[in-house]
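Please read the structure below before turning to the comments.
Any read-out appearing in this document is the output of simple, stated calculations on the displayed coordinates, not a laboratory observation. As the structure is a prediction and not an experimental result, all values here were calculated from the model. Cβ sites come from the backbone with ideal geometry, for glycine too, and all protein chains shown count toward neighbours.
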Amino acid sequence: MARVDREKRILETALRLFAQYGYKKTTIEDVAGELGMTPGNIYFYVKNKKDLYEKTVGNALRHWRDSIAEAVLMEQGAKEKFRVMAERSFQYLRDNQELLAVISRDPDIFTVTPGEDRFYDINVGARGILRNILTQGVREKTFHAMDIEGATEFLFSVYMMLLIKAYVKPEGEGITTMFREGLKIISQGLGK
């Protein structure tokens, strides 16, 4: 088995175990045992359990970001790209229960402040998707002229806060209504 495939299997298995048992109860030995490997095999890919955890979560977040990027590429206009990005981004965790379980146990995965962001590089890529959509919309004249960087940071911060309210500190089904209304306001504005 190729190194990349083995690493992928390790991270997928670790995600499942961290989701099921949490960080404290999951061991390198558990992951190795699930894969029919020795702990030494796992240490070939990671330094320690914390490194395994960070790489596992980073890998899952990268998949989330990349799935959104792929969905956006299927659309042409900026408005439709924005809608697809927003809806898929919000829905992703509902469809990925293992990542949701890990995030609910480790709410610091979502941060609004870049200085506290353990997954800054991944989120830079997510901001890039949003920035590209806004840039396209301004260029197409389907969006108002704006400070792209400021708008990107504002919208990304709102998105992170919404994820926290929806998944880290759930506030019930009302969050779906809040998401829909927020998307409508962003898409149509407040004016009549």
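The table for this structure:
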| item | result |
| --- | --- |
| Among 66, 147, 30, residue whose mean-square fluctuation peaks in a GNM of the chain (springs only between Cα atoms under 10 Å) | 147 |
| Leading residue at positive end of dipole, segment 25-115 (Cβ point charges), from 40, 114, 69 | 114 |
| Links that overshoot a 32 Å alpha carbon limit, given the list 24/165; 49/169; 47/81; 25/169; 79/169 | 47/81 |
| The chain: calculated mean residue ellipticity at 222 nm from DSSP helix runs of at least 4, using -39500 (n - 2.57) | -24000 deg cm²/dmol |
| Sequence-distant residues sharing a close amide H with residue 143 (under 5 Å, placed H) | 138 |
| Spin-label zone in segment 32-60 - amide nitrogen under 19 Å from a point set 7 Å from the Cα of residue 6 along the C-beta vector | 32-49, 51-53, 55-56 |
| Bins of 5 Å, starting at 0 and running to the largest distance - Cα pair percent for the chain | 1, 7, 14, 18, 17, 14, 11, 8, 5, 3, 1, 0, 0 |
